[in-house]
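One structure is given here, and the rest of the page talks about it.
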Amino acid sequence: MTTIHEAFAPVKWEGDSLLLLDQTRLPVETVFLSLHTSEEVWAAIRHLQVRGAPAIGMAAAYGLYLGVRNSEAADSSALWNQLLEQADYLATARPTAVNLFWAIDRVKARVQQEGEKPVDALKAAVLDEALAIQREDAEVCRTIGEHLLTLLQDGMGILTHCNPGALATAAYGTATAPLYLAKERGWNLKVYADETRPVLQGARLTAYELQQAGIDVTLICDNMAAMVMAQGKVQAVIVGTDRVAANGDVANKIGTYGVAVLAKAHGIPFYVAAPLSSVDLETPTGADIPIEERPAEEITHGLGKQVAPDGIKVYNPAFDVTPAEYITAIVTETGIFKPEDIRNSKQ
Ligand code: MRU
């Protein structure tokens, strides 16, 4: 029987190609794209056909393999140079999720470790490392879920934002992992999914995957979160992240910061689920995190329909930074950390 995690796996290596579940078409159509070149992977990342920090990293790792597998490099150093070129190229797909750079660096480190082996062995190592990244991500997410579950109780209302779900990872999601584990244990959590303007990852993806899993999920517009909290329907907020800075500031989908402020105002704990691949101790503070700006059409032509006047000025940052002071805890596969202690997560 196909599990929900297999059904929603955003990235799959099958035969000799990369299969991506096209997330721009969900929930209406389930279409798998078969990709054969690093250029196709770059475009799929840029256009959100694969999205969510861990999934972007996984796709880029496979993209590196697609970029070198037909190489006619004469020796290991020629292949290495081609790998570096592909790495620099794929790193330009999107700027905020550090998982993209983490995965690329991990593949590079693996090839360096292999040393001066024959070119074919190095190509095989690239694919092997991409497969390992994907395999490990599923385990990491489950462990994050186990830790988060210790902070929750049966019957709670949980609010989440964007899609930190199975569709964004190898399995379970990060912020959704405790929801899947709670379901396995027969708990009844009541989930509120923010729709997540402008491209609606909450409505199209989170609401869909949780509904398919039989989890009690209610979709709300982003501007309803305050009301839902004031009504006492939410006992914890759990979100994912694209990058945690060394001081505990957290970048995540635009709107997350507002949710954190609201949670604090209502005395509701605000948890961030963060695999170590999203923790970037090289970035000192949230102000140092590059924030992607996306095309105006995402706002002016939401889902293809014009909803704003021609020529209107638009500002469309895809992420915001939640300052550490609004965060109750950051939960990684190594445990539960106060944001100011996030350095300890990697020790
Ligand atoms: O623009 P997206 O859809 O890639 O943004 C995704 C998010 O902001 C997620 O919350 C984040 O990547 C964590 S996914 C486990």
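What follows draws every value from the coordinates through simple rules; no lab data is involved. What you are looking at is a predicted structure, and each value in this text was computed from that prediction instead of being measured. Heads up, the Cβs are rebuilt from the backbone with ideal geometry, glycines too, and the neighbour counts pull from every protein chain shown.
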*Mind checking the dipole of segment 4-141: about its Cα centre, +1 per Lys or Arg Cβ, -1 per Asp or Glu Cβ, Debye to the nearest 20?*
360 debye
*What list of whole percents do you get for P(r) of the chain, with Cα-Cα distances grouped in 10 Å bins up to the one holding the largest distance?*
6, 26, 34, 23, 8, 2, 0
*Determine the gain in length on full extension of the stretch Val307-Thr24; use 0.36 nm per residue of separation and subtract their C-alpha separation, reporting nm with one decimal.*
100.0 nm
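Sorting Ile254, Ile291 on the 10 Å Cβ count, fewest up front, what's the list?
Numbers: Ile254 22, Ile291 17.
If I rank by nearby Cβ atoms, fewest first, I get Ile291, Ile254.
Please arrange Met156, Met227, Met58 by counting, for each residue, the other beta carbons lying within 10 Å of its beta carbon, fewest first. Each step should come with its number before you reach the end.
Details: Met156 17, Met227 11, Met58 30.
So the ranking, lowest neighbour count to highest, is Met227, Met156, Met58.
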*What lysines sit close enough to Lys253 to cross-link, taking a C-alpha to C-alpha distance under 19 Å and skipping anything fewer than 8 places away on the same chain?*
Lys264
*Extension gain Ala109-Ser77, at 0.36 nm per residue separation less the Cα-Cα distance, in nm?*
10.1 nm
*Can you tell me the relative contact order of segment 147-346? Whole percent, Cα pairs under 8 Å, sequence separation 6 or more.*
21 percent
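If I stretch the segment between Asn223 and Asn316 completely, what's the gain in nm (0.36 nm per residue apart, minus their alpha carbon distance), one decimal? Write out the running numbers ahead of the final one.
On the way: separation 93, 0.36 × 93 = 33.48 nm, distance 1.72 nm.
Here the answer is 31.8 nm.
Quick one: if the Förster radius is 35 Å, what FRET efficiency do Asp341 and Glu39 give, using the C-beta to C-beta distance and rounding to 0.05? All intermediate terms of the calculation are to be shown ahead of the outcome.
Values: r = 42 Å, r/R0 = 1.19.
Taking R0 as 35 Å, the efficiency between Asp341 and Glu39 is 0.25.
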*asked:* Going by Cα centres, segment 281-347 and segment 52-107 are how many Å apart?
replied: 23 Å
*Put a dot 7 Å past each Cα toward the Cβ at Lys264 and Ser17; how far apart are the dots in nm?*
4.9 nm
_Spatially proximal aspartates and glutamates relative to Lys123 (Cα-Cα < 12 Å; intrachain offsets below 8 disregarded)_ = Glu72, Asp75, Glu114
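With N residues in segment 1-81, what two-decimal value do you get for its Cα radius of gyration over 2.2 N^0.38 Å?
Details: Rg = 14.2 Å, N = 81, 2.2 N^0.38 = 11.7 Å.
It is 1.21.
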*On each of the three principal axes of the Cα atoms of segment 147-346, give max minus min coordinate, whole Å, ordered largest first.*
50, 40, 34
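Normalised by the empirical 2.2 N^0.38 Å for globular proteins, what value does the Cα Rg of segment 4-141 take?
On the way: Rg = 14.4 Å, N = 138, 2.2 N^0.38 = 14.3 Å.
This ratio for segment 4-141 stands at 1.01.
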*Taking a cut-off of 16 Å between Cα atoms, list the aspartates and glutamates near Lys233, but don't count ones fewer than 8 places away on the same chain.*
Asp154, Asp194, Asp216, Asp222
*Over the alpha carbons of segment 150-208, what is the largest minus smallest coordinate on each principal axis, giving the biggest first in Å?*
33, 24, 18
_If I histogram all Cα-Cα distances within segment 112-258 using bins 5 Å wide from 0, what percent of pairs lands in each bin?_
2, 9, 17, 19, 18, 12, 7, 5, 4, 3, 2, 1, 0
